[in-house]
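The values are calculated or read from the model by the stated rules, or taken from the named source; none is laboratory data. Because the structure is predicted, anything quoted here is derived from the model rather than measured. Neighbour counts run over all protein chains shown; Cβ positions are idealised from the backbone, glycine included. The area values use the complete protein model at the heavy-atom level, side chains included, leaving out ligands, DNA and RNA. Shrake-Rupley method; radii C 1.70, N 1.55, O 1.52, S 1.80 Å.
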Amino acid sequence: MLVDGKWVENWQPVQKADEKGRFVRQVSSFRNWITPDGRPGPTGEGGFEAEPGRYRLYVALICPWASRTLIARKLKGLENVIAVTVVNPALTDQGWSFGGFPGADEDPLFGASYMHELYTRADPQFTGRATVPVLWDTKRNVMVNNESADILRMLDTAFEHLVPSEICLYPEAHAVEIDVLNPRIYDLLNNGVYKAGFATSQAAYDEAMDGVFAMLDELEVSLTGDYLLGETLTETDIRAFVTLIRFDAAYHGLFKTNRREIRDYPRLSAYLARILAVPGVRETVNMDHILQGYYSIKALNPLGVVPKPPAHVAALLDAATGSARQ
């Protein structure tokens, strides 16, 4: 990680643990917002007006948090407005790196070798982990935001006057429901799988496991429409989807969340297929990157052997690819 702008130790999956061995995730540090007119957003400072070609999104295709933003970019039709750089899926001793794997990019802005080099450009005294996603302003040459929840929401609204869309991921009619469900899905499922995989005590693991499957059971029962909130696709679906699509291939085995698989949930399985059929979503899912990335975590897989995707996951993705071509 970085300490006062200097790389001081090899990358480790556990950022911090509490007194009971629970995995604690780092809080995002850069919280500015792109807005239609450059006024300040809910956090941070102003000066980040929505303009075509001004911003670049750095993502890892392995990463569910980064994939949230990539899906929003697709659904909102922003491919020609916001450029994307994909980092290498395999985590190195210095964290995310550029290039060196099919589908990964070199850094086009600074020729950086590692993601942490962008963090020290943004803040020469930065202390913490260099995470993705990152939204970078090429006009002011600063980091706008590295919080996926913020980026997901700003992509939904900030560029609407430039690229009108029929999709609204945070519709006012469902705002209260979204605000209630998002934190629960995050704590019990999105971050819950990590709390299980990186638990440093039996009690912490058991607690996380109970939370993961309580949330999955709840979603299975409550999923009576096409989407989590009825017939409207929202950001909550994106936030759930990025974990569900990785679950059987990575979390079930590597993170030991092995009580059940998603394929054991009929409604959630059908839901996954529906989300994958939404135009643009399938293109954001790269199972090679997902497997190479997760199984490069030495603390969990010291020999580095990477499995093939489960047959049912491969079939699901193949079916979605075929539908997208028709």
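Some values worked out for this structure:
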item: The chain - percent of accessible surface contributed by carbon and sulfur, probe 1.4 Å; result: 51
item: The stretch 195-326, relative contact order in percent, only Cα pairs under 8 angstrom and at least six apart counted; result: 22
item: Unit charges on C-beta of K, R, D, E only; dipole of the chain, Debye; result: 620
item: Positive dipole terminus of the chain, leading residue within Leu316, Gly225, Val144 (C-beta point charges); result: Leu316
item: Pairwise centroid distance, computed over Cα atoms, of the stretch 139-201 with the stretch 212-228, Å; result: 19
item: Relative frequency of Cα-Cα separations exceeding 15 Å in the stretch 247-326, percent; result: 60
item: D (Stokes-Einstein, µm²/s), Kirkwood Cα radius, the chain, 0.692 mPa s at 37 °C; result: 162
item: Unit charges at the beta carbon, dipole of the stretch 1-154: most positive-side option, Pro124, Gln12, Leu61; result: Leu61
item: Accessible area per residue, Å², the stretch 98-204 with all protein chains present, probe 1.4 Å; result: 43
item: The stretch 1-147 - percent relative contact order, Cα under 8 Å, separation 6 or more; result: 28
item: Relative contact order for the stretch 86-198, counting Cα pairs under 8 Å that sit 6 or more residues apart, in percent; result: 12
item: Listed residue pairs exceeding 21 Å between alpha carbons, taken from Lys195/Lys256; Lys195/Lys308; Lys195/Lys298; Lys20/Lys298; Lys74/Lys139; result: Lys195/Lys308; Lys20/Lys298; Lys74/Lys139
item: Volume per residue that the Cα convex hull of the stretch 231-294 spans, once the total is divided by residue count, Å³; result: 89
item: DSSP bridge pairs, the chain: antiparallel proportion in percent, nearest 5; result: 75
item: Residue-averaged 222 nm ellipticity for the chain, from DSSP H runs of 4+ at -39500 (n - 2.57), nearest 500; result: -10500 deg cm²/dmol
item: For the stretch 46-94, convex hull of alpha carbons as volume per residue, Å³; result: 106
item: Cα-projected label distance for Glu79 with Thr200, points at 7 Å along beta-carbon direction, nm; result: 4.4
item: Lysines whose Cα lies under 18 Å from that of Lys76, excluding same-chain neighbours fewer than 8 positions away; result: none
item: Among Ala250, Ala208, Ala315: highest mean-square fluctuation, GNM of the chain, C-alpha pairs under 10 Å; result: Ala315
item: In Å, descending, principal axis extents of the Cα set of the stretch 43-124; result: 35, 31, 22
item: Distance cut-off 23 Å, percentage of C-alpha pairs in the stretch 67-194 lying past it; result: 42
